[in-house]
Amino acid sequence: MNKNSLICSGQTYFFLSSGCCIVMSVKHRLRNIRSEGTSLIIALALFLVPLFVQAQQYIPFAIISDTHIRAGNNTVYPAFLHKMEGQKINLIIHTGDAIGTPGSASQWTRFLELTGSGKTLHLAPGNHDIRGEASLAVYLRFFPKPYYSFSDGDTLFVLLNTELPEEEGRITGEQLAWLKTELEKPFRYKFVFLHEPLYPLLPEHGLDKYKEARDNLHRLFVTKGVLLVVSGHDHIYGRTTKDGIRYVTAATLGGWLPSSMKSSDVFRYITAARKGDGYSFIVLDMDDNTKDQFTIGR
């Protein structure tokens, strides 16, 4: 073989007598390496992104309302907590009236003792939790903020306060300004919890007492992509849809009921879990019967 012969080695070609050709071939090889590296990065991304999505573990949670815990015995709330142990649900969202007497430190102590340290509790206070400045001061001894939000992955949970002194039955003032800022956040799902319902069972009840403020709040929810609003207060479970928003009224879990109602059927709680790209909600009574179920997704 003479000096100008071509030697093949895989896909790389070297001329024995031409340094220029060697340089050109090295550049060609580097281009191949870069191309192969880019392809490898793309392949890894396509492989790892689905794994990352699957690895996001969304926390299941329960929604309850109107437990009305007093210093005496209450068997419904402890029974619910026992059910949560069995279902391995440790996150509880409470839409208010946790206790029976506003401002009672002993009832708050009892409620939190029953709940236990193994649970994560989020509370949107009700009119039996706060009624006036003195009871608000007691409330803030146990819960550091009157309203707030938290998130889990792509989901924002907003807990509002319909019982602020001189703002009862409305979301207004500083709280409304704060809410507008919170709802600007780019979450896929936005869920709102508050005690008094926007659309109660009885007219002139809850936020229906201030219709203009209620309507403005609803329009804010619509424009900012809220998909679920859960309240309490009425003691009877209900669900409706308005402009794409699910409005749910959680049933009482130990509060007052007319004597004609069977408590095991009316006392209810809601469980929620992430299913694929959305959420699945199941409404259960204390006999473990499914009373309603629905999903929320995009």
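Here are some notes:
- When GLU184 is tested against (1) free of Cβ contacts under 8 Å to residues at least 60 places away in the same chain; (2) within 19 Å of the chain's Cα centre (by Cα); (3) surrounded by 15 or more Cβ atoms within 10 Å (Cβ to Cβ), just one condition goes unmet, and that condition is (3).
- Residue within the range 116-135 that is over 30 Å from ASP208 (Cβ atoms) and in a helix (DSSP H, G or I) present: no
- Considering the range 84-94, and only residues there that are part of a helix (DSSP H, G or I) and either free of Cβ contacts under 8 Å to residues at least 12 places away in the same chain or in contact with a Gly (Cβ under 9 Å, 6 or more places away or on another chain) (or both), the residue that is surrounded by the fewest Cβ atoms within 10 Å (Cβ to Cβ) turns out to be GLY86.
- Test result for GLY132, of a type outside the set (Ser, Thr, Tyr), within 22 Å of GLN57 (Cβ to Cβ) and out of contact with any strand residue (DSSP E or B) (no Cβ under 6 Å at 6 or more places or on another chain): no
- Of all residues in the range 164-175 being on the phi < 0 side of the Ramachandran plot and free of Cβ contacts under 8 Å to residues at least 40 places away in the same chain, the one that is surrounded by the most Cβ atoms within 10 Å (Cβ to Cβ): LEU164
- Of ASP129, ASP97, all but one fail to be crowded, with 21+ Cβ neighbours inside 10 Å, among the acidic types (Asp, Glu) and farther than 24 Å from LEU284 by Cβ; the exception is ASP129.
- Residue match in the range 203-213 (condition: without any contact (Cβ under 8 Å) to a residue 12 or more places away in the chain and either part of a loop (DSSP other than H, G, I, E, B) or buried (at least 19 other Cβ atoms within 10 Å of the Cβ) (or both)): yes
- Subset of the range 228-251 [touching a helix residue (DSSP H, G or I) at 6+ places or on another chain (Cβ under 7 Å), of a type in the set (Val, Ile, Thr) and buried (at least 24 other Cβ atoms within 10 Å of the Cβ)]: VAL229
- Residue in the range 226-238 that is farther than 30 Å from GLY86 by Cβ, over 14 Å from the mean Cα position of the chain (by Cα) and of a type outside the set (Asp, Glu) present: no
Residues checked against (1) free of Cβ contacts under 8 Å to residues at least 60 places away in the same chain; (2) assigned to a strand (DSSP E or B):
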| residue | (1), (2) |
| --- | --- |
| VAL222 | yes, no |
| TYR247 | yes, yes |
| ALA251 | no, no |
| THR271 | no, yes |
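Only the coordinates and a few stated rules stand behind these numbers; no lab work does. Here the structure is a predicted model, which is why all the values come from computation and not from measurement. Virtual Cβ from ideal backbone geometry, glycine too; neighbours counted across all protein chains shown.
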